[in-house]
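The values are calculated or read from the model by the stated rules, or taken from the named source; none is laboratory data. Note that the structure is predicted; figures quoted are calculated from it, not measured. Note that each Cβ is placed from the backbone with ideal geometry, even for glycine, and that neighbours are counted across all protein chains shown. SASA here: full protein model, heavy atoms, side chains in, ligands and nucleic acids out. Shrake-Rupley method; radii C 1.70, N 1.55, O 1.52, S 1.80 Å.
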Amino acid sequence: SQQGEEDPQALSIQEGENATMNCSYKTSINNLQWYRQNSGRGLVHLILIRSNEREKHSGRLRVTLDTSKKSSSLLITASRAADTASYFCASHQLGANSKLTFGKGITLSVRP
Amino acid sequence: DTGVSQDPRHKITKRGQNVTFRCDPISEHNRLYWYRQTLGQGPEFLTYFQNEAQLEKSRLLSDRFSAERPKGSFSTLEIQRTEQGDSAMYLCASSLDRAAEAFFGQGTRLTVV
């Protein structure tokens, strides 16, 4: 079963705007990861944030983690048409071997 | 290329046939995973190997499914007596450590007709 829920399910913005995507999860985690998937392709790892971290940056990406609320957010700044894709959060549960539990994903459309 | 590779990329098969997919992980990664993804959903965990040992299997992995990782390198996923409900994207991933980022292949899209 899928542990996480992303919000919103779909997001459409204009190029240059910021995109904020939210994710909630249910159990305690070691880390939370965000992935991007272009249509019909594999997943590309974007960023990993550990349970003892609150914020992390990578280029135009900013991820926050609130373990008390069991939630995370992914911010993409100055979006580009090439950012159009589906975005997934995946949690690595505390005590789990190594598997990731994914949400259903957010479809982001960036209009040129 | 040092990424995860999967073969074939696409497979169309008739119901009842057997199919086998192959995954070659990143060479230094000892952990290998199989996931299944249906349209509009996130990937769902199927099974996990550490080196050649299969350490965890999901309830999704019925007795028609079998996975192997001989010698702890490449892995195969076989589906016997395929059903239409098996149609999905089958994704392979590998990682270096237990809680490290996983790197995914491009997937094998299976269509059962």
From the cross-link list A:LYS70/A:LYS99; A:LYS99/B:LYS11; A:LYS69/A:LYS104, which pairs have alpha carbons spaced over 22 Å apart?
A:LYS99/B:LYS11
Other protein chain Cβ atoms within 10 Å, averaged over every residue that makes up A:36-46
5
Note: B:51-60 gets an average of partner chain Cβ contacts (10 Å, Cβ to Cβ) equal to 1
Correct semi-axes for region A:22-112, from √(5λ) of the alpha-carbon gyration tensor and rounded to whole Å with the largest first, are 23, 15, 10
Taking all pairs of different Cα atoms in region A:1-62, averaging 1/r and flipping that mean, what Kirkwood radius in angstroms comes out?
13.6 Å
Given a 1.4 Å probe, the accessible area of the protein assembly as shown per residue, as a whole number of Å², is 48 Å²
Within region B:1-23, backbone nitrogen closer than 14 Å to the virtual label 7 Å beyond the Cα of B:PHE74 toward Cβ:
B:4-9, B:20-23
Whole-number D in µm²/s for the protein assembly as shown (Stokes-Einstein; Kirkwood sum over Cα pairs; 25 °C, 0.890 mPa s):
137 µm²/s
Here, A:SER68 and B:ASN51, labelled 7 Å along Cα→Cβ, have an inter-label distance in nm of 4.4 nm
Within 10 Å of each Cβ in peptide B:31-41, how many partner chain Cβ atoms are there on average? Round it to a whole number, please.
3
Looking at region B:1-45 from every direction and averaging, what is the projected area of its Cα convex hull in nm²?
4.5 nm²
Correct semi-axes for chain B, from √(5λ) of the alpha-carbon gyration tensor and rounded to whole Å with the largest first, are 22, 14, 13
In chain A, if the dipole is taken from +1 on Lys/Arg beta carbons and -1 on Asp/Glu beta carbons about the Cα centre, which of A:SER72, A:SER58, A:SER28 is farthest to the positive end?
A:SER28
